[in-house]
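Visitor: One structure is given below, represented as structure tokens, and several questions about it will come after.
Coordinate-derived values only; no laboratory data. All figures in this text were calculated on a predicted structure; none of them were measured in a lab. Cβ placement follows ideal geometry from the backbone for every residue including glycine, while neighbour counts extend to all protein chains displayed.
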């Protein structure tokens, strides 16, 4: 059995005492990271643990094959996720640190959380205590309140997308189908994972109307909290259910709450699972009025001073071990052979002056190469610190007030779900060039 603690010690013993030095002006790229092991995969991306060679810090790296993304109309989803992640940072999110690309793949390097996701622990038959779930509820409340302040609807809150750190605190991840709405706008796309999607999403899809907004994430949070406490979801919904049947289900079926739960907890869950979004709890201020959370010290929650009711075992990785086997045995383009493979491809390209077998696909790949957004939060933070330092030096002379302003990572785990759709009204500006890839990128809202 893989033992994470021993493996980390071994890695430390084998690593050179002299760290490599990289040019600070150089963009971060694949060579800056040591690939350690595969830990997961999403609808069209894979995730591995990496170590940055110069700082020796550990991260999770998500990588997505460009050609597959183009063929599946998913480039625009990747670009939107990048656009969102570059602008946000919060203690209860899985935050982006770097984004870069090479000929084959697009990469996102994010916080590494080794405690596993809530879906994994449910599948391991973990019985979460009420206190443990209460803390998750508070932490996700702060995360959703922050996203709402940034005009972001996540649209896929579920146990699979809530990761635990080694202390047992919850972090929301996967912004692949998130969208931005401003100035009273409404989203309209049928997007998400069916068992967690709010009734108004289905209603909007069937009858049009005014669409939906941030309230849908709070419904999803209610479904998630119910499931983590009870072991099953409040509504028996599956991928095969038609949208029309779900609309009828919400109007005829009432949720059965456990008689063992405190009345205040049931009352709060009823407020989250209210079918009418106008009457649903959907903000931090709403949650703070709930008797069940009346004694919560929200500052202590934000500062992670509240002790978690469930702490994952630090001695092991909390993920499916088959991910590593698949990467080593079944993957046709494994990461650990990327450097040799790319060098061989470049040599072959230089020796031939011929057109690609698929000129159209090649044209799309070139557009992706041009439009991809490179990001480096480490460099951004250094600039901010330098700016604050300069402001402090300036203020020391008596010309300022001593204050400087700081500026600012689907399918159901148990059953197949239809691919998530993106909201065509919310496409980023890069869509104008991506749309040139007509039939390859045929869906203007999801390319």
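Visitor: What list do you get for 158, 263, 271 if you sort them by fewest beta carbons within 10 Å?
Guide: Placing the least packed residue first, the sequence is 263, 271, 158.
Visitor: For 121, 171, which order do you get if you count the other beta carbons within 10 Å of each Cβ and list the fewest first?
Guide: With the sparsest Cβ surroundings first, the list reads 121, 171.
Visitor: I would also like to ask the following. Please report the antiparallel percentage of DSSP beta bridges with both residues in the range 30-132, rounded to the nearest 5.
Guide: Restricted to the range 30-132, the bridges split so that about 100 percent are antiparallel.
Visitor: Need one word for the range 149-281: rounded, prolate or oblate. Basis is the Cα gyration tensor (sqrt eigenvalues a ≥ b ≥ c); a/c below 1.5 gives rounded, then a/b vs b/c decides.
Guide: Oblate, because a/c is 1.5 or more while a/b does not exceed b/c.
Visitor: Cα centroid distance between the range 149-212 and the range 74-96, in Å?
Guide: If you average the Cα positions of each part, the centres end up 14 Å apart.
Visitor: Order of 76, 37 from fewest to most other C-beta atoms within 10 Å?
Guide: The most exposed by this proxy come first: 37, 76.
Visitor: Label-point separation (nm) for residue 124 and residue 54, each offset 7 Å from Cα along Cα-to-Cβ?
Guide: Output for this residue pair reads 3.6 nm.
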